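Reviewing the structure listed below.
The values are calculated or read from the model by the stated rules, or taken from the named source; none is laboratory data. Since we're looking at a predicted model, the values are computed, not measured. We place every Cβ from the backbone using ideal geometry, glycine too, and count neighbours over all the protein chains shown.
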Amino acid sequence: MTSSTHSNSIVEVFEQAAASYDRTGVSYFEPFGAALVGCAGILPGERVLDVGCGRGAVLLPAAAATGPTGHVTGIDLAPTMVKLTAEDAARAGLTQVEVRVGDAQQPSLPPHSFDVVLAGMVVFLLPEPEQALRAYGRLLRPTGRLVVSTPGAYDPAFVAAMEALGAHLPPAEQPPPAPTAGPFDDEQTITATMAAAGLDVTAISEHRVESRFQDVDHWMRWMWSHGGRALLQHLPADRLDAATTDAARVLESVRAPGGDLMLTTVGRITIAVPRPGGPAPAAAL
């Protein structure tokens, strides 16, 4: 699969999920978005870019932080996501917000035009994350900062439930083995990845979010509402009930006393700043 094909398939997934994205009554993207903006320390009047803005989990609190004297640009490659988020911002009277179709992999925006670039739970999904980070660095003013969130650890029950679903995929649709190492696996690799992109890490922090689900059907609705549908849409219709039953069996291990299913996700938030002199030439890395 080429980078272009990969990008198109991911965009299609989020385009289909746009109407229900972050709208299923589950606490996940909003608390991570609020934590990201809190770590960014956005000041009134600053110019902010939110890449892969989705339905505004980062964009809206960033707009509140920068206030009417600042400006927040949100970009996303899914046109329906952009349309719905722009409507949400307009209804909220956020005149300092602009939402447009744009590529988180390589934003087409003027260099040195932002005080803060935010990327909430998106960089690890991109085909070439280091290239994207280098692009973000070029968009920052010399005193600017990049703030990104990436997954730290998924709840073991969530991982097991995903495996239970995946076991029902046809052989041709089985995902490739996960890479043994990734660019955001831990603090050391995150720091190295940022350094290769010409960015110096100033802080990395961990944040835990608890997500509650009424039952397995609620969990499945949530799965369909975000990137999880990339797996679900490949399940044969005649296997969906059996796959859901197997996932439910696994998720019983996280049923809370009140009856809800509760999953805990750990995310990392990294703050980085442009290295003086800019990124090293790619050939030297």
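So that you can scan it fast, the table gives a plain yes or no per residue for (1) farther than 25 Å from Val58 by Cβ; (2) modelled with pLDDT of 95 or more; (3) among the hydroxyl-bearing types (Ser, Thr, Tyr); (4) crowded, with 20+ Cβ neighbours inside 10 Å:
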site: Pro177; (1), (2), (3), (4): yes, no, no, no
site: Thr180; (1), (2), (3), (4): yes, no, yes, no
site: Phe184; (1), (2), (3), (4): no, yes, no, no
site: Thr191; (1), (2), (3), (4): no, yes, yes, no
*Inside the stretch 153-212, can you point out the residues that are under 19 Å from the mean Cα position of the chain (by Cα), part of a helix (DSSP H, G or I), of a type in the set (A, V, I, L, M) and farther than 18 Å from Arg239 by Cβ?*
Val159, Ile190, Met194
*Answer from Gly198, Gly228 - the residue that is closer than 16 Å to Ala161 by Cβ and not hydrophobic (A, V, I, L, M, F, W, C)*: Gly228
*asked:* Which numbered condition in (1) surrounded by fewer than 17 Cβ atoms within 10 Å (Cβ to Cβ); (2) at pLDDT 95 or above is the only one that Ser4 fails?
replied: (2)
*Any idea which of (1) of a type in the set (Gly, Ala, Ser); (2) surrounded by 22 or more Cβ atoms within 10 Å (Cβ to Cβ); (3) within 22 Å of Glu12 (Cα to Cα) is the one Ser108 doesn't satisfy?*
(2)
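Listed here are the residues, each with its yes/no results for (1) closer than 21 Å to Met223 by Cα; (2) at pLDDT below 95; (3) within 16 Å of the chain's Cα centre (by Cα); (4) of a type in the set (Ser, Thr, Tyr).
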site: Ala18; (1), (2), (3), (4): yes, no, yes, no
site: Leu36; (1), (2), (3), (4): no, no, yes, no
site: Pro44; (1), (2), (3), (4): no, no, no, no
site: Cys53; (1), (2), (3), (4): yes, no, yes, no
site: Pro68; (1), (2), (3), (4): no, no, no, no
_Being under 15 Å from Val11 (Cβ atoms), touching a strand residue (DSSP E or B) at 6+ places or on another chain (Cβ under 6 Å) and surrounded by fewer than 21 Cβ atoms within 10 Å (Cβ to Cβ) is the filter here; which residues of the stretch 50-81 pass it?_
Pro79
_Candidate set: the stretch 135-151, residues that are touching an Asp or Glu at 6+ places or on another chain (Cβ under 9 Å) and surrounded by fewer than 20 Cβ atoms within 10 Å (Cβ to Cβ); chosen: the one nearest to Ala203 (Cα to Cα)_ = Thr143
*asked:* For the stretch 63-80, which positions are out of contact with any helix residue (DSSP H, G or I) (no Cβ under 6 Å at 6 or more places or on another chain) and touching a residue at least 60 places away in the same chain (Cβ under 8 Å)?
replied: Pro79
